[in-house]
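Encoded as structure tokens, the structure appears first; notes follow it.
The values are calculated or read from the model by the stated rules, or taken from the named source; none is laboratory data. Just so it is clear, the structure is predicted and the values come from calculations on it, not from any experiment. Please note: Cβ atoms are built from the backbone with ideal geometry, for glycine as well, and neighbour counts cover all protein chains shown.
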């Protein structure tokens with residue numbers, strides 16, 4: 001677990017001229033951005049994607065970019081810079097893959113939801129909830145990133161939090177009821193984890209309209225911001 | 001939130017000759033111990049106990065002891081060295097009380113369950129569960145102490161974890177059923193918080209007989225050990 005000292009922007013690195021390439025590996029797209037660039041590049045992903053094919057595609061797309069180090073957000077649990085489990089919606093070969101060796105540069109790998117969480121972090125004790133296919137959860141406390149798996153705890157009628165407010169729940173419950181359950185669950189989690197605020201990310205966060213003031217909606221830039229911040233230590 | 005670097009014993013302080021007085025404030029007893037002493041002193045507590053009366057009793061009981069600094073474990077949420085809420089089973093005057101000023105020595109105040117948790121911490125990601133009247137919970141991750149309130153989350157049939165495995169639950173369910181629910185809840189929490197191990201403390205932990213290897217039973221010395229460790233930073 002790393003303890004990045006959180007800065008609002010990767011200003012120090014920028015001034016020092018150190019450039020970071022951030023790779024956000026998703027099931028549909030790989031998104032890349034580097035220090036000093038404004039427009040991320042999207043590369044197609046998919047269920048056959050191996051880590052070597054991913055790196056080849058990223059190298060081609062960013063052939064004219066310069067960078068000194070790489071941050072990778074990957075879908076799955078990460079320990080000591082390596083994935084512990086094959087990602088659900090990608091190809092084989094990810095477990096234990098040595099990104100540092102393959103890239104020949106300093107690399108930091110982190111779970112993709114944790115990278116997005118770090119990008120939305122604003123000090124204190126924060127819970128990030130990813131409202132996507134499933135329900136992601138990451139706690140950040142004084143800059144220490146703590147991956148959680150709250151999704152599968154019981155909520156109501158023998159069903160889990162994820163069964164209610166994951167994507168299947170959204171389609172089963174419909175907009176209004178789904179939102180009501182999101183609010184109820186937010187309040188349960190704020191109390192149980194004694195957090196100062198919650199950041200909502202993931203594709204379904206867009207269905208939330210008004211949110212209480214201790215809830216913030218994340219945005220697409222958070223993943224990149226998190227990738228830069230990984231080096232702020 | 002403090003980040004003590006955890007050592008197995010308060011060896012460094014002991015060598016340096018710095019002595020810490022640890023005060024563990026409970027609803028029935030106040031327990032005190034200091035660096036280099038082996039036998040804690042118990043002082044009667046109760047629903048009328050004010051912080052001044054507590055300090056007076058401690059000073060009298062430890063009149064012949066020498067110490068340079070004081071750790072206090074207090075029943076309630078603590079922020080910046082002060083209690084945020086009056087303890088349920090003590091007298092008035094605790095909120096905002098300035099222990100440092102009253103004692104004229106360096107003082108660190110921490111929630112009593114968190115102090116016990118810190119004493120049982122052995123590195124990595126640990127969840128402490130206090131099986132007492134209620135259900136206390138504290139997460140420690142890389143030495144960072146994160147107080148939780150998991151007790152009031154829903155568990156089954158609209159009832160909370162605390163309603164099942166708190167003291168009332170113990171008496172309602174009986175020994176065997178209560179133990180089965182403790183195991184079920186331990187497994188839910190281990191998965192949800194992705195912890196390496198659980199330490200069980202609190203008065204009812206004695207009803208647990210065999211425990212799985214990722215569960216450890218705390219002991220009475222943990223509170224004092226936690227109090228010493230508060231200064232290991």
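The conditions of being part of a loop (DSSP other than H, G, I, E, B) and at pLDDT 95 or above are met by residue B:49. From the list B:127, B:135, B:230, B:188, the one residue that fits, being surrounded by 18 or more Cβ atoms within 10 Å (Cβ to Cβ), within 14 Å of chain A (Cβ to nearest Cβ) and more than 22 Å from residue B:28 (Cα to Cα), is B:127. Exactly one residue out of A:120, A:143, A:166 is within 19 Å of residue A:73 (Cβ to Cβ), in contact (Cβ under 8 Å) with a residue 12 or more places away in the chain and more than 11 Å from every other protein chain (Cβ to nearest Cβ): that is A:120.
So which helices (runs of 4 or more DSSP H) are wholly in the range B:91-210 and hold at least 3 residues that are modelled with pLDDT under 95, under 21 Å from the mean Cα position of the chain (by Cα) and closer than 19 Å to residue A:193 by Cα?
Values: elements: B:99-103, B:112-119, B:161-165, B:167-173, B:175-193.
Qualifying helices (runs of 4 or more DSSP H): B:112-119.
Entry remark, the range B:16-45: residues being at pLDDT 90 or above and in a loop (DSSP other than H, G, I, E, B) number 9 in total.
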